Amino acid sequence: MSLPEPLIRLIEELQRLPGIGPKGAQRLAFHILKTPREQADRLVDAVREVKERVTYCSVCNNITDADPCVFCSSDARDRDLICVVEEPQNVMAIEKTRDFKGVYHVLMGAISPLEGIGPDDLKVKGLIARVGNGVREIILATNPTVEGEATAIYLARLLKPLGVRVTRIAMGVPVGSDLEYADEVTMTKALEGRREV
């Protein structure tokens, strides 16, 4: 069965989204085809509005619809405490804890030589500029991956000579899991990050 050209184009475009394979794209395209026109129009409007109104904060690189973002413009935030993350979605994960009261700096990636991403491809210069404004601590909250670790080590070496305290988030065994399922790296990090009780 040959599909109409507009439907083929929709499937091809949906396949470009991360995590969407050929079958998933086809399923989504047929779902959109079956939905009422008004619902499809709302989807199109939402995509268009995101592309027109959402941008990156000029201070921390987080996503925002107002510049500077809500974190950088808030008087309730501690500007002397910066949490460095790889991507904007990492900010949301930290905010869910409701414990962090500082500000953020989004690198927009991690060092990955295999993918051709070096330190110059990240938003490091802006972080260095912010340190000069009396920052007392930088928390490195990069992902616990090879790339995240490489990025954290690079940043620590770059920031420590500037006289700022540099810390790394603790990593290890997740709450609610069994030790028998933890891999060697996770167990090593859990032992390194142990604290007195």
- request: Scan the range 175-197 for residues that are closer than 21 Å to Val84 by Cα and part of a loop (DSSP other than H, G, I, E, B) and jot them down.
  value: Gly193
Condition broken by Asn133, with the remaining ones in (1) modelled with pLDDT of 95 or more; (2) out of contact with any Gly (no Cβ under 9 Å at 6 or more places or on another chain); (3) in a loop (DSSP other than H, G, I, E, B) satisfied: (1)
query: So is Pro6 out of contact with any strand residue (DSSP E or B) (no Cβ under 9 Å at 6 or more places or on another chain), of a type outside the set (A, V, I, L, M) and assigned to a loop (DSSP other than H, G, I, E, B) or not?
result: no
- request: Being part of a helix (DSSP H, G or I) and of a type in the set (Phe, Trp, Tyr) is the filter here, so list the residues in the range 9-58 that pass it.
  value: Phe30
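Scan Leu127, Leu159, Leu140 and give me the residue that is in contact with a Lys or Arg (Cβ under 8 Å, 6 or more places away or on another chain) and touching a residue at least 24 places away in the same chain (Cβ under 8 Å).
Matching residue, one of Leu127, Leu159, Leu140: Leu140.
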message: Show the residue pairs meeting these rules: Cβ distance below 6 Å; 6+ apart or different chains; first residue within the range 90-109 and among the charged types (D, E, K, R); second residue surrounded by fewer than 16 Cβ atoms within 10 Å (Cβ to Cβ).
response: Lys101/Asp78
- prompt: Which pairs do you get when a residue that is in the same structural domain as Leu159 (by TED's automatic domain parsing) and closer than 13 Å to Thr142 by Cβ, found in the range 113-124, comes within reach of a residue that is surrounded by fewer than 10 Cβ atoms within 10 Å (Cβ to Cβ) and modelled with pLDDT of 95 or more, reach meaning Cβ atoms under 8 angstrom, with the pair 6+ apart or on two chains?
  reply: none
- line: Over the range 31-61, the set of residues in contact (Cβ under 8 Å) with a residue 12 or more places away in the chain and hydrophobic (A, V, I, L, M, F, W, C) is Ile32, Leu33, Cys57, Val59, Cys60
- prompt: Going through the range 63-120 one residue at a time, which ones are in contact with a Cys (Cβ under 7 Å, 6 or more places away or on another chain) and part of a helix (DSSP H, G or I)?
  reply: Phe71, Cys72, Ile94
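The values are calculated or read from the model by the stated rules, or taken from the named source; none is laboratory data. What you see is a predicted model, and the numbers here were worked out from it, not measured in a lab. Note that we place each Cβ from the backbone using ideal geometry, even for glycine, and neighbour counts take in every protein chain shown.
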